[in-house]
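This report refers to the structure that appears directly beneath it.
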């Protein structure tokens, strides 16, 4: 399985990333992807700042992808996670997985995303008119990961 991980401030082109994930492979029968966006549920978010632990973050994501590759028959995986200052509606994360079959692609994509939320060392700060606050881990993210 071929995998690529990027931690970057720049936005990404989903179509271009999927094309790169499937280029030159006649074995790919399915691609599943997830794109996460900055949301402003309370209509008070001016921006979100994401920080990470360089080196450790890429290692953790690599381990998550490796575990997915042990569980499902994958041909490739692509994870991009943005850092820095982001605005509501901006893309934060891309998880894309290729496989010969859709079931493996869907399951692996969801697995990788669930574990990105709980195992990858990222920190989020929300900036609002009321001030800045660091976002705590959510119980729902732990619950989603625990089903695997």
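Only one residue in 114, 142, 90 is out of contact with any strand residue (DSSP E or B) (no Cβ under 8 Å at 6 or more places or on another chain) and either surrounded by fewer than 14 Cβ atoms within 10 Å (Cβ to Cβ) or closer than 21 Å to residue 49 by Cβ (or both). Which one?
142
Which pairs do you get when a residue that is closer than 21 Å to residue 13 by Cα, found in the stretch 24-45, comes within reach of a residue that is surrounded by fewer than 11 Cβ atoms within 10 Å (Cβ to Cβ) and at pLDDT 95 or above, reach meaning Cβ atoms under 9 angstrom, with the pair 6+ apart or on two chains?
Cβ pairs passing all conditions: 37/89; 38/89; 39/89.
Quick check on my filter: what residues within the stretch 10-26 are surrounded by fewer than 14 Cβ atoms within 10 Å (Cβ to Cβ), in a loop (DSSP other than H, G, I, E, B) and either in contact with a helix residue (DSSP H, G or I) (Cβ under 8 Å, 6 or more places away or on another chain) or at pLDDT 95 or above (or both)?
Answer for the stretch 10-26, where residues must be surrounded by fewer than 14 Cβ atoms within 10 Å (Cβ to Cβ), in a loop (DSSP other than H, G, I, E, B) and either in contact with a helix residue (DSSP H, G or I) (Cβ under 8 Å, 6 or more places away or on another chain) or at pLDDT 95 or above (or both): 10, 11, 13.
Quick one: is residue 148 on the phi < 0 side of the Ramachandran plot and assigned to a loop (DSSP other than H, G, I, E, B)?
Here the answer is yes, as residue 148 does meet what is asked.
Are there strands (runs of 3 or more DSSP E) fully within the stretch 63-112 with at least 2 residues that are closer than 18 Å to residue 20 by Cβ? List them.
Of the strands (runs of 3 or more DSSP E) lying wholly inside the stretch 63-112, those with at least 2 residues that are closer than 18 Å to residue 20 by Cβ span 76-82, 91-99.
Any idea which of (1) outside any loop (DSSP other than H, G, I, E, B); (2) surrounded by fewer than 17 Cβ atoms within 10 Å (Cβ to Cβ) is the one residue 7 doesn't satisfy?
So the condition that residue 7 fails would be (2).
So is residue 143 farther than 26 Å from residue 9 by Cβ, within 14 Å of the chain's Cα centre (by Cα) and not in a strand (DSSP E or B) or not?
The answer is no for residue 143.
Of all residues in the stretch 28-53, how many are out of contact with any helix residue (DSSP H, G or I) (no Cβ under 7 Å at 6 or more places or on another chain) and either part of a strand (DSSP E or B) or at pLDDT below 95 (or both)?
Summing the residues that are out of contact with any helix residue (DSSP H, G or I) (no Cβ under 7 Å at 6 or more places or on another chain) and either part of a strand (DSSP E or B) or at pLDDT below 95 (or both) in the stretch 28-53 gives 17.
Only one of these is under 11 Å from the mean Cα position of the chain (by Cα) and more than 14 Å from residue 5 (Cα to Cα): 110, 51. Name it.
Only one candidate qualifies: 110.
Going through the stretch 27-56 one residue at a time, which ones are exposed (fewer than 15 other Cβ atoms within 10 Å of the Cβ), more than 29 Å from residue 99 (Cβ to Cβ) and in contact with a strand residue (DSSP E or B) (Cβ under 7 Å, 6 or more places away or on another chain)?
Answer for the stretch 27-56, where residues must be exposed (fewer than 15 other Cβ atoms within 10 Å of the Cβ), more than 29 Å from residue 99 (Cβ to Cβ) and in contact with a strand residue (DSSP E or B) (Cβ under 7 Å, 6 or more places away or on another chain): 44, 46, 51.
The values are calculated or read from the model by the stated rules, or taken from the named source; none is laboratory data. Remember, it's a predicted structure, so these values are computed and weren't measured experimentally. Reconstructed Cβ throughout: ideal geometry from the backbone, glycine too, with neighbour counts over all protein chains shown.
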